[in-house]
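J.: Structure incoming, see below.
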Amino acid sequence: MSDTKLLTQFVESFARLDEVLALEEVPAELLVKAESETWESWQEFPRWQPLPVETDPADLDPLYQRIGGTFPPLYEQLLLSFRWLEVDLKLLRLFANPPGDNFAGLSEAIFADRALAEVLIPAGYVPFGRSSVNYDPICFDLNARLRTGDCPVIQFKHEAILCELRIGEQWQRWASFRDLMSEVVLLDS
């Protein structure tokens, strides 16, 4: 499958796998406009949708400097092509990449838990999501790049990191971000 088709199907899976409810404040450009007003519509939560955008790759440079490396090519293409809120894809919760300058929202999500960031990022592991069932971070392993530029996706037990400030139990969830995307696309389809 082409990268463009896989990327499109991956983003389309957001609405299929998550209810994409706007439970908190949502940037206006992500809100889905109600097609019609009904007397019951006041009870419904508004919904959001991913926003296609074209972003200059140079806008990632400040974040790349902070993490000490670059993202896998397909994830970078996803970041440069779409904006979205945090989404539960059943296999993981994908950090938000909301509208804004210089990927500030994504950077905030990556560094939100200071202990996780201070232990994982210097070791070459960049969080981009977490487990759907607990607080375990899901990370790109920048130490094990494939020829394609992709890299393995690793899950870490959060307890050792948060309690002892060290990397504890870990395991590879996917051999690459492409594999993760492909599995998400096939879920519930």
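J.: Here are some conditions: (1) modelled with pLDDT of 95 or more; (2) touching a Phe, Trp or Tyr at 6+ places or on another chain (Cβ under 8 Å). ALA175 meets all but one. Which one does it not meet?
T.: So ALA175 meets the others, but not (2).
J.: Now a separate question. Taking segment 133-189, which residues are of a type in the set (S, T, N, Q) and surrounded by 14 or more Cβ atoms within 10 Å (Cβ to Cβ)? If you could, list the steps in order and put the result at the bottom.
T.: Taking segment 133-189 and keeping what is of a type in the set (S, T, N, Q), we get 134, 143, 148, 155, 170, 172, 176, 182, 189.
Hits for segment 133-189 are GLN155, GLN170, SER176, SER182.
J.: Can I ask one more? Does any residue of segment 60-78 turn out to be within 22 Å of LEU187 (Cα to Cα) and free of Cβ contacts under 8 Å to residues at least 60 places away in the same chain?
T.: No; the residues of segment 60-78 include none that is within 22 Å of LEU187 (Cα to Cα) and free of Cβ contacts under 8 Å to residues at least 60 places away in the same chain.
J.: Can you name the residue in segment 97-115 that is open to solvent by less than 20 Å² (accessible area, probe 1.4 Å) and of a type outside the set (S, T, N, Q) and is also farthest from PRO62 (Cα to Cα) among such residues?
T.: Within segment 97-115, the first condition is being open to solvent by less than 20 Å² (accessible area, probe 1.4 Å), and the residues that meet it are 97, 103, 106-107, 110.
Still in the list and also of a type outside the set (S, T, N, Q): 103, 106, 110.
On the way: PHE103: 9, LEU106: 12, ILE110: 13 Å.
Across segment 97-115, the extreme among qualifying residues is ILE110.
The values are calculated or read from the model by the stated rules, or taken from the named source; none is laboratory data. Quick caveat, the model's predicted, so the values are computed rather than measured. We place every Cβ from the backbone using ideal geometry, glycine too, and count neighbours over all the protein chains shown. Calculation scope for accessible area: heavy atoms of the full protein, side chains included, ligands and nucleic acids excluded. Shrake-Rupley method; radii C 1.70, N 1.55, O 1.52, S 1.80 Å.
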